[in-house]
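Worksheet: one structure, shown below.
Throughout, read-outs are computed from the coordinates displayed, never taken from laboratory work. All of these numbers come straight from a predicted model, not from anything done at the bench. Cβ: placed from backbone, ideal geometry, glycine included. Neighbour counts: every protein chain shown.
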Amino acid sequence: MKKFTRPAVFFAAAALLFSCEHLDDFIGDGGTNGDGMEGENPVSINFTHKKTFTVGGEGAAEISAFDAATGRLFTVNVEKDVITVYDISNVDAPMFVADIALNGAGAPNSVAVKNGILAVAVEQEVKQDNGYVKFYDTESLQFISASKVGALPDMVTFTPDGTYVILANEGEPNDDYTVDPKGTISIVEVATGACTHLDFEAFNGAKESLLENGFRVFGPNASLAMDVEPEYVAVSDDGKKAWVSLQENNGVAVVNLETKTIETILPLGYKDYSLPGNEIDPSDKDDKTELRSVPVFGTYHPDAIAYYSVNGMDYIVTANEGDAREYEGDPGFVEEERIKDIVLDPTAFPDWENLQADENLGRLKITLTKGDIDNDGDFDELYSFGARSFTIWTGTGEMVYDSGNDIAQKTLELTPDTFNGEDGRSDDKGAEPEAVTVQKIGNKHILFVGLERNNQVLVYDVSNPAAPEFIQLLETSGDVAPEGVLAIAAADSPTGKDLLVVSNEVSGTVTIYEN
């Protein structure tokens, strides 16, 4: 089997498309506590549960943003297609303020706050139509303006100075897979609403080179520009660059915010689960929770992405959740299948019959779009969804660190009863690391990783990007499916201490932890 140990980097130039239309309980007392010295500043990291409150039912608490001036938390509430506002000036007694209605524009997907302005990414009722970014005043909650952006705006964030918002427009196809809009990135000037809309047309000719280096383009009859699906945005501290995860495509786009162009696509390659340190639990039917080496590759498929800088170097952190395309319309397109239901090449897998047993690899889901090297109808290699890890990359796409099987090891050690979602996700994507954010606390860079299926958040010190240190595991009974993790610096916090706000999609709860 071919071994992928480091992703390749591909550079190209991209052109502007057009301008957008402007429209009027904490586990184990800290476990291995991250106390220590950096320079002359001792930093203690020990987050404890502060408060949990219920926003609503399923879908009521997806992504949150905080406004320090008003003490308000703005939460994406898809249950009611509104932005639900709470005053958390008193963290011990959050108070409901209002629901911001979106006037029938569609469902909200993401929120961000800067300089007294709330930005909301809103998809259209028909997801393949161009969506909007809507702006509101964080104090009066009054509508300010809106700009039309790309299809299915999935994430919005401000540049550090608040001049622009950047949106990742996913451009998902319809269920029949007969309409597949381009995935795009929008850069909107907040003051004027002027929008620059970037597509990936300039990369169509580089498709084969990108594929060879671990990128994915595989939608039926789709060009690269149609196939890419921007997911999440991270912006550099100086506001000059943005990194955009292309989840289904297994890559990251680098955007020059000064020239408003897509500079680069970074293919992320594949993770080899047969290598020491990368072991997984591939079966939910073996009556075991153990990690083992298997002849399978993981596809990074990053969801959330976070930026931080150490000694002037740019780093990005990806949450390697995984995502399969499943469109069951007519004709539709479904790319996943269990290993027991495919044909394995007997030369590549001489023990194929044993591998396909449920207690071995039979239950593990893989993509049907890759692995039949000689096109003879059987699989010579196996590629599963997600990497069950977080990864730290340089700003130019070189892997600095991958957490290997550390998420599985830590959750199995500390909370064995909820390992891989009570073992029910071992055959799928494991704990599903979905959300990440990095916060500077003292002289330390602290990473928070939300695990969607384990209903937990892991905390690491990533001050040394090449050697992160695990600090603690956070979970609160009743929280299900953390979708967003929001760090609030002590200087902005209502309590004067660093906070972590976790928005839980399925349970509709928001939990606040305090350091």
Scanning the range 456-515 residue by residue, the ones that are in a loop (DSSP other than H, G, I, E, B) and on the phi < 0 side of the Ramachandran plot total 25
In the range 462-493, residues that are in contact with a Leu (Cβ under 6 Å, 6 or more places away or on another chain), hydrophobic (A, V, I, L, M, F, W, C) and under 20 Å from residue 69 (Cα atoms) total 2
Those residues of the range 154-168 that are small (Gly, Ala, Ser) and in a loop (DSSP other than H, G, I, E, B) come to a total of 1
ask   = Just a yes or no: is a residue in the range 149-160 surrounded by fewer than 24 Cβ atoms within 10 Å (Cβ to Cβ), of a type in the set (A, V, I, L, M) and within 28 Å of residue 237 (Cβ to Cβ)?
value = no
Is there a residue being surrounded by fewer than 22 Cβ atoms within 10 Å (Cβ to Cβ) and under 19 Å from the mean Cα position of the chain (by Cα) anywhere in the range 285-296?
no
Taking first residues from the range 153-180 that are under 17 Å from residue 256 (Cα atoms) and second residues anywhere that are basic (Lys, Arg) and surrounded by fewer than 22 Cβ atoms within 10 Å (Cβ to Cβ), the pairs with Cβ under 7 Å that are 6 or more apart or on different chains are 158/114; 162/114
Across the range 107-142, the tally of residues that are in contact with a Lys or Arg (Cβ under 9 Å, 6 or more places away or on another chain), outside any loop (DSSP other than H, G, I, E, B) and not small (Gly, Ala, Ser) stands at 8
Next item on the list: Evaluate the following for residue 371: is it in a loop (DSSP other than H, G, I, E, B), surrounded by 18 or more Cβ atoms within 10 Å (Cβ to Cβ) and at positive phi?
Entry: yes
Screening 130, 103 for residues that are at positive phi and not charged (D, E, K, R) leaves only 103
From the option list 290, 321, single residue qualifying as among the charged types (D, E, K, R), out of contact with any Phe, Trp or Tyr (no Cβ under 9 Å at 6 or more places or on another chain) and not in a strand (DSSP E or B) is 290
Of the residues in the range 241-255, those that are polar (S, T, N, Q) and outside any strand (DSSP E or B) come to 247, 249, 250
Of the candidates 107, 101, 119, the one satisfying the condition of being of a type in the set (A, V, I, L, M) and over 15 Å from residue 63 (Cβ atoms) is 101
If we keep only residues of the range 119-142 that are out of contact with any Gly (no Cβ under 6 Å at 6 or more places or on another chain), closer than 16 Å to residue 158 by Cβ and of a type in the set (Val, Ile, Thr), then the residue surrounded by the most Cβ atoms within 10 Å (Cβ to Cβ) is 133
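Every residue, every condition in (1) in contact with a His (Cβ under 6 Å, 6 or more places away or on another chain); (2) more than 27 Å from residue 164 (Cα to Cα); (3) crowded, with 22+ Cβ neighbours inside 10 Å; (4) of a type outside the set (Gly, Ala, Ser), yes or no:
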| position | (1), (2), (3), (4) |
| --- | --- |
| 206 | no, yes, no, no |
| 219 | no, yes, yes, no |
| 222 | no, yes, no, no |
| 227 | no, no, yes, yes |
| 236 | no, no, no, no |
| 241 | no, no, no, yes |
| 248 | no, no, yes, yes |
Exercise. Is there a residue being under 20 Å from residue 77 (Cα atoms) and either among the hydrophobic types (A, V, I, L, M, F, W, C) or out of contact with any Cys (no Cβ under 6 Å at 6 or more places or on another chain) (or both) anywhere in the range 159-167?
Worked result: yes
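Residues checked against (1) surrounded by fewer than 22 Cβ atoms within 10 Å (Cβ to Cβ); (2) charged (D, E, K, R); (3) in a strand (DSSP E or B):
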{"site": "393", "(1), (2), (3)": "no, no, yes"}
{"site": "396", "(1), (2), (3)": "yes, no, no"}
{"site": "404", "(1), (2), (3)": "yes, no, no"}
{"site": "407", "(1), (2), (3)": "no, no, no"}
{"site": "412", "(1), (2), (3)": "yes, no, no"}
{"site": "422", "(1), (2), (3)": "yes, yes, no"}
{"site": "430", "(1), (2), (3)": "no, no, no"}
{"site": "434", "(1), (2), (3)": "no, yes, yes"}
{"site": "440", "(1), (2), (3)": "yes, yes, yes"}
Scanning the range 42-59 for residues that are in a loop (DSSP other than H, G, I, E, B), out of contact with any helix residue (DSSP H, G or I) (no Cβ under 7 Å at 6 or more places or on another chain) and not small (Gly, Ala, Ser) gives 45, 47, 55, 58
If we keep only residues of the range 452-485 that are among the hydrophobic types (A, V, I, L, M, F, W, C) and farther than 11 Å from residue 502 by Cα, then the residue surrounded by the most Cβ atoms within 10 Å (Cβ to Cβ) is 458
Discussion item. Take the conditions outside any loop (DSSP other than H, G, I, E, B) and surrounded by fewer than 20 Cβ atoms within 10 Å (Cβ to Cβ) and apply them to residue 145. Does it pass?
Written reply: yes
Those residues of the range 256-283 which are assigned to a loop (DSSP other than H, G, I, E, B) and of a type in the set (Phe, Trp, Tyr) amount to 273
Is it the case that some residue within the range 334-343 is under 29 Å from residue 391 (Cβ atoms), within 23 Å of the chain's Cα centre (by Cα) and not in a loop (DSSP other than H, G, I, E, B)? yes
